[in-house]
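Here is the structure we will look at, set down as structure tokens.
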Amino acid sequence: MSAAHAKPAQIGAAPARIDVSADLDALELVFEGDASLRLSAGALRAGCRCAFCVRARFDGVFPERFDGIAITGTAPVGGYAVNIAFSDGHNRGIYPWSLLRALGSE
């Protein structure tokens with residue numbers, strides 16, 4: 001999984017801004033104090049923890065990679081997470097800020 005960060009962000013803090021890259025290939029979270037986190041669409045899709053994806057992993061049918069996947073939308077979930085929709089039609093994942101930080105540290 002690919003990720004790059006500028007400065008570390010506080011664990012519980014919500015980002016000040018969430019942007020999808022122009023090519024729809026990455027999500028960038030910008031936190032107060034210029035801390036940022038950039039996660040590829042493939043890493044985000046592979047990191048989904050929804051019930052459908054957890055079951056697919058359990059059944060051994062979850063893909064190892066999501067090459068060419070794009071982010072098609074985002075929506076806030078309360079003050080603790082973001083829902084991300086992908087070009088393969090998957091839109092069930094809720095990504096808490098703590099999960100995004102964990103994906104960014106891999």
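Readers should treat all values here as calculations from the given coordinates under stated rules, not as data from a laboratory. Everything numeric in this text was worked out from a predicted model, so none of it was measured. Using ideal geometry, Cβ is built from the backbone for each residue, glycine included, and neighbour counts are taken over all protein chains shown.
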Read through the labelled values (1) 13.1, 42; (2) 15.9, 55; (3) 13.2, 37 and report the label of the one computed as Rg and Dmax of the Cα atoms in Å from the structure. (1)
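Could you please rank Cys53, Cys48, placing first whichever residue has the fewest other Cβ atoms within 10 Å of its Cβ?
With the fewest neighbours first, Cys53, Cys48 line up as Cys53, Cys48.
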Looking at the chain, which Cys residues are left with no other cysteine's beta carbon under 4.7 Å from theirs? Cys50
